[in-house]
1. Only sites in a loop by DSSP and with at most 15 other Cβ atoms within 10 Å count here; which trypsin sites (Lys or Arg not before Pro) in the range 9-102 make the cut?
2. Using only C-alpha positions, report the orientation-averaged shadow area of the convex hull of the chain, nm², one decimal.
3. Determine the calculated [θ] at 222 nm for the chain from helices alone, applying -39500 (n - 2.57) to every DSSP H run no shorter than 4 residues and normalising by the residue count; nearest 500 deg cm²/dmol.
4. Would you check the accessible area of V41, probe 1.4 Å, heavy atoms only, in square angstrom rounded to 10?
5. Hey, got a sec? Which chymotrypsin sites (Phe, Trp or Tyr not before Pro) in the range 5-97 land in a DSSP loop and have at most 10 other Cβ atoms within 10 Å?
6. If I model a spin label at N12 and A52 as a point 7 Å from the Cα along the Cα→Cβ vector, what separation in nanometres do I get?
7. Which cross-chain or sequence-distant (5 or more) residues have an amide H under 5 Å from the amide H of V31, H modelled 1.01 Å from N in plane?
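The values are calculated or read from the model by the stated rules, or taken from the named source; none is laboratory data. Quantities reported herein were computed from a predicted structural model and do not represent experimental measurements. Reconstructed Cβ throughout: ideal geometry from the backbone, glycine too, with neighbour counts over all protein chains shown. Only protein heavy atoms, including side chains, enter the accessible area calculation; ligands, DNA and RNA are left aside. Shrake-Rupley method; radii C 1.70, N 1.55, O 1.52, S 1.80 Å.
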Amino acid sequence: MGKQDGSGRELNAHEKVLAEDRRVMRETFRVSIGGAHAGLVMTVFVVALFAAIGGTVWALIVGGAVAFWFTITLVAVAGGMPREWAAVKRAYLLTFGWAGWL
């Protein structure tokens, strides 16, 4: 028996291809908490490198940009989340989860 949508009817060939494409994209862009931790460590390392080479001003600029991105992500995600910690975790994954793709 083939795949079905929510209404119980069987999907046509076009809908099956779209469903498979969506599944592949979800798998491709999936991030993990381990990847987010690695991204945080790399970000701290880069900010420390900027502090050592470029001085405090550049470290504050780079660190501030990352903090700003996290804050904007948290505000955007918090609107759709009923629990605060779920929103913080999602914002953390969206901010630092890129390291899982390296």
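1. Numbers: sites: R9, K16, R22, R23, R26, R30, R83, K89, R90; in loops: R9, R30, R83.
Counting only loop positions with at most 15 other Cβ atoms within 10 Å, the trypsin sites (Lys or Arg not before Pro) in the range 9-102 are R9, R30, R83.
2. On the way: hull surface 37.6 nm².
Result: 9.4 nm².
3. Values: 4 runs with 73 residues, N = 102.
One gets -24500 deg cm²/dmol as the mean residue ellipticity at 222 nm.
4. Result for V41: roughly 100 Å² accessible.
5. On the way: sites: F29, F45, F50, W58, F68, W69, F70, W85, Y92, F96; in loops: F29.
Of the chymotrypsin sites (Phe, Trp or Tyr not before Pro), the ones in loops of the range 5-97 whose Cβ has at most 10 other Cβ atoms within 10 Å are F29.
6. Between N12 and A52, the simple spin-label model gives 6.1 nm.
7. For V31, no residues qualify.
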